[in-house]
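Only one structure is covered here, and it is reproduced in the block below.
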Amino acid sequence: MPAEDGTEAARHPRAEHVPGAGRRPEAEPGHRVPGGDPAASAGAGRAGARGAALRRFAAAARRGRGPRVVSCVVLLAVAVTAGSVAMGGGRDEGRAGAAGAAPAAVAGVLAGGDLGAGIRSLQAHLRAQPKDFGGWATLGTAYVEQARTQGDPSRYPQAERALERSLALAPGNEQALAGQAALAAARHDFTGALAHADRALERNPYSERALCSRIDALVELGRYEEAAGAAATADRRRPGVPVFTRYAYVRELRGDVRTAREVLRRALDSASSPGDVAYVATALGQLAWNQGEYGTALTHYARALAADDGYLPALEGRARAQAASGDRAGAIGTLEQVVVRSPLPGPLVALGELYEDRGADGDRARARDQYALVDAWTALARAGGVEAGLDTALAAADHGNAGEALRAARAEWDRRHSVHTADALAWALHVNGRDEEALPYARRATATGYRNAAFLHHRGMIEKAAGHDRAARRSLTAALELNPGFSPLGARAARAALKELEGAR
């Protein structure tokens with residue numbers, strides 16, 4: 001579906017949707033990676049790190065109450081399960097060579113059904129046909145999707161092993177290279193993702209996963225013009241929902257909300273499976289919410305949840321729109337459902353801020369519980385090989401240690417120069433009292449035309465602290481006019497700062 005200039009992109013920070021998230025992970029079929037098992041030493045190190053992270057997570061869980069305890073226990077159990085390898089019946093010796101792709105029934109389940117069931121089917125297939133390099137590639141990619149959608153970074157080492165097994169059986173096969181690109185992107189190694197995607201595309205220029213991973217990597221590296229070109233190429237070669245949504249996000253980053261909305265509407269019209277409907281409707285909801293159109297956002301989220309009532313991004317989006325619309329109780333109830341199933345930093349911080357905003361008895365302690373879980377999740381993510389600097393920087397700047405926020409933001413900026421990392425570094429510098437140094441990064445975060453109220457709020461607060469009162473009034477006013485409910489605490493701070501600026505005129 002080409003748009004006016006033929007480019008496409010995904011909404012941040014998302015890969016292709018594979019329905020069936022939220023179910024209990026299955027254990028990986030046992031295997032060794034041939035050639036000396038290069039993952040063994042790294043795996044041992046990660047196992048130790050994972051053990052330490054789990055202890056940290058458990059400590060955070062003990063401080064929690066109610067649904068927060070449940071969410072900790074769920075992720076803890078998932079991580080422990082994923083850390084053990086179930087040794088099953090599959091050895092390479094004496095088996096006939098398999099085809100380069102998983103059985104059609106399994107591939108169909110992964111593409112449009114129950115992800116957990118698809119993984120179980122693949123595991124059974126690979127026990128019987130352990131030389132099926134395509135099956136191992138599909139399994140590895142399914143683990144990546146499972147980790148991403150469930151907030152379970154302990155699945156990434158399993159994905160890595162499965163993909164390495166595929167490449168050991170068939171060196172340079174495109175399916176595994178594309179899977180490695182998706183894995184690297186999920187771990188926030190976007191330079192690696194780009195390299196893997198380019199290698200996969202040398203083998204198969206029409207690989208949808210590699211084309212999409214290439215766009216994602218360029219977007220996250222802040223190379224937006226190249227991302228637009230990559231999306232145009234993907235649109236010519238493999239038009240479809242994953243490419244269309246990436247186009248919309250590239251357009252949104254450049255301030256072209258109208259085109260982004262039109263492309264997403266056309267993508268929704270073309271969506272056939274419930275998973276695709278939920279995915280695209282949620283993207284439309286996010287776009288509407290970013291523009292302060294809360295009623296429209298709630299309508300899109302309702303459509304997404306009608307297609308898939310357990311789709312977590314739609315539930316999280318609905319909660320944010322509920323809060324912005326004044327339904328704080330509904331928002332808290334919805335976010336509590338989300339963090340029970342997927343305790344990721346975004347919903348944890350959002351829930352903590354809603355507790356703070358409500359201010360009932362015990363709410364301050366409840367909020368602290370959420371922020372403690374963000375720190376514990378970050379430790380688990382790092383144990384799974386994820387570069388979690390951006391999550392750490394943003395959470396720590398507002399609800400943690402200012403020095404840690406700055407260290408994490410600087411490390412992330414050293415890896416990539418996106419608008420999101422520029423905003424995070426600007427805000428981390430601000431909370432450390434270094435506003436003149438922060439200002440160029442805040443300006444860079446808003447320079448592409450991307451309409452983001454949180455970025456404008458951060459810029460305005462930095463301008464105010466640096467003594468640029470007129471500019472601060474413009475930025476803070478723009479933030480509140482664009483999306484007055486962008487954050488319960490941030491919007492309150494923006495209004496207070498504006499009142500102070502107006503009083504000083």
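The condition (being more than 26 Å from G310 (Cα to Cα) and either surrounded by fewer than 24 Cβ atoms within 10 Å (Cβ to Cβ) or among the aromatic types (F, W, Y) (or both)) is satisfied by just one residue among F244, F190: F190. Just so you know, in segment 318-344 the residues that are touching a Ser or Thr at 6+ places or on another chain (Cβ under 6 Å) and open to solvent by less than 10 Å² (accessible area, probe 1.4 Å) include one that is nearest to L480 (Cα to Cα), and it is A319.
Rundown of residues vs (1) in contact with a helix residue (DSSP H, G or I) (Cβ under 8 Å, 6 or more places away or on another chain); (2) at pLDDT 95 or above; (3) open to solvent by 20 Å² or more (accessible area, probe 1.4 Å); (4) over 25 Å from T448 (Cβ atoms), yes/no style:
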{"residue": "D235", "(1), (2), (3), (4)": "yes, no, no, no"}
{"residue": "A260", "(1), (2), (3), (4)": "yes, yes, no, no"}
{"residue": "S272", "(1), (2), (3), (4)": "no, no, yes, yes"}
{"residue": "G275", "(1), (2), (3), (4)": "yes, no, no, yes"}
{"residue": "A281", "(1), (2), (3), (4)": "yes, yes, no, yes"}
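Number of residues in segment 214-245 that are assigned to a loop (DSSP other than H, G, I, E, B), touching a residue at least 12 places away in the same chain (Cβ under 8 Å) and out of contact with any Leu (no Cβ under 8 Å at 6 or more places or on another chain): the value is 3.
Taking the residues in segment 193-213 that are basic (K, R) and touching a Leu at 6+ places or on another chain (Cβ under 8 Å) as candidates, determine which candidate is least open to solvent (accessible area, probe 1.4 Å).
Looking at the filtered set, the residue picked out is R199.
Pairs linking a residue in segment 165-187 that is within 18 Å of K131 (Cβ to Cβ) and open to solvent by less than 20 Å² (accessible area, probe 1.4 Å) to a residue that is of a type in the set (A, V, I, L, M, F, W, C) and outside any helix (DSSP H, G or I), with Cβ atoms under 8 Å and 6 or more positions apart or on different chains, are R165/V33; A176/A170.
Is one or more of the residues making up segment 366-376 in contact with an Asp or Glu (Cβ under 8 Å, 6 or more places away or on another chain), open to solvent by 20 Å² or more (accessible area, probe 1.4 Å) and not hydroxyl-bearing (S, T, Y)?
no
The set of residues from segment 214-233 being open to solvent by 20 Å² or more (accessible area, probe 1.4 Å) and among the β-branched types (V, I, T) comprises just one member, T233. Restricting segment 246-271 to residues that are among the small types (G, A, S) and assigned to a helix (DSSP H, G or I), the residue that is nearest to L211 (Cα to Cα) is A248.
So that you can scan it fast, the table gives a plain yes or no per residue for (1) in a helix (DSSP H, G or I); (2) free of Cβ contacts under 8 Å to residues at least 60 places away in the same chain; (3) closer than 17 Å to H188 by Cβ:
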residue: A360; (1), (2), (3): no, yes, no
residue: R364; (1), (2), (3): yes, yes, no
residue: D369; (1), (2), (3): yes, no, no
residue: L373; (1), (2), (3): yes, no, no
residue: W377; (1), (2), (3): yes, no, yes
residue: A381; (1), (2), (3): yes, no, yes
residue: V386; (1), (2), (3): no, no, yes
residue: T392; (1), (2), (3): yes, yes, yes
residue: A396; (1), (2), (3): yes, yes, yes
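The values are calculated or read from the model by the stated rules, or taken from the named source; none is laboratory data. Predicted model only: the values in this text are computed from it and were never measured. Virtual Cβ from ideal backbone geometry, glycine too; neighbours counted across all protein chains shown. To get the accessible areas, we keep the full protein, side chains included, count just its heavy atoms, and leave off ligands, DNA and RNA. Shrake-Rupley method; radii C 1.70, N 1.55, O 1.52, S 1.80 Å.
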